[in-house]
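Just so it is clear, none of the values below were taken in a lab; they were calculated from the coordinates. For clarity, every value in this text was computed on a predicted model and none was experimentally measured. When we count neighbours, we look across all protein chains shown, and the Cβ atoms used for this are built from the backbone with ideal geometry, even at glycine.
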Amino acid sequence: MESVCIFCSSQVGNNPAFADSARALGSELARRGLRMVYGGSDSGLMGITARSALAAGGEVIGVIPEKIHHKVSALEITRLVIVKTMHERKAVMFEHADGFIALPGGIGTLEEWTEVYTWLQLGYSRKPVGLLNIEGFFDPLLAFFDSMVENGLMKEIHRSMMQTASEPKAVLDMLENFRWEYHDKW
C-alpha cells in the first residue's frame, strides 16, 4: 500500500475527538510513508488531516470539483487535481488510492465511502475499506450493516470485508494487512 484516500467532513463537528483523531491519522499516514488522497479542501476534518500529514512530511493529493474549488480555501499540497464533476472526483480518487478510510462526516462522506465498499463487495475492486470509528460515531451505521446480515440482505463475508477500528494506527494496520478474497454476491 502506497496511498490511502480519506473521506471525511468539510466541517469540524462538535466533538474535539474528531479533530484529534484527524490530526493523528494525518501524522500516522506520513510516518508510514503513505500518500494521502482526499477531497482537496482546507476546511473541516479534511483540512485538519491534510495539514497534519503535510506537517509530518507526507505527500497529499487533493481532488476537488471546480464548483466546490471556487467556494473553499485550498492548502498548498503536493498536488491538487481540479475536476468537472463529483463522479470524476471519485474516479480520480479511486485511481490514486490503494485503500480508503472514512472519518466522521455527513452524507457526502457516507456516499463516497459506501461506493468503494460496494465495489469491493462486488469484486470491482480489491482495495480495502475502513472506518475510523471515533468515540462510536459509526456505531449506528455498523448496527445497520449488522441488521442487513441478520435480515438476509447482506452476506456475513461481505460485512466482514469492512475494517473498523477506533484508533488511526489500528485502522491503518488493518488496511495494510487486508487480503482480498472474492466471494460471489450472487
Given (1) under 17 Å from Lys127 (Cα atoms); (2) in contact with a helix residue (DSSP H, G or I) (Cβ under 6 Å, 6 or more places away or on another chain), His96 misses just (2)
| task | Consider Val81 carefully, then state whether it is free of Cβ contacts under 8 Å to residues at least 60 places away in the same chain and surrounded by 19 or more Cβ atoms within 10 Å (Cβ to Cβ). | result | no
So, first residue farther than 17 Å from Cys8 by Cβ in the stretch 138-149, second residue exposed (fewer than 13 other Cβ atoms within 10 Å of the Cβ) and not basic (Lys, Arg), Cβ within less than 7 Å, six or more apart or across chains; the pairs are Val149/Glu156
Taking the stretch 40-69 and the residues there that are part of a loop (DSSP other than H, G, I, E, B) and of a type outside the set (S, T, N, Q), the one that is surrounded by the most Cβ atoms within 10 Å (Cβ to Cβ) would be Gly40
For the stretch 116-141 the number of residues that are crowded, with 16+ Cβ neighbours inside 10 Å and either part of a helix (DSSP H, G or I) or of a type in the set (Lys, Arg) (or both) is 8
Filter the stretch 90-115 for residues that are within 11 Å of the chain's Cα centre (by Cα) and among the β-branched types (Val, Ile, Thr); the one that is surrounded by the fewest Cβ atoms within 10 Å (Cβ to Cβ) is Thr114
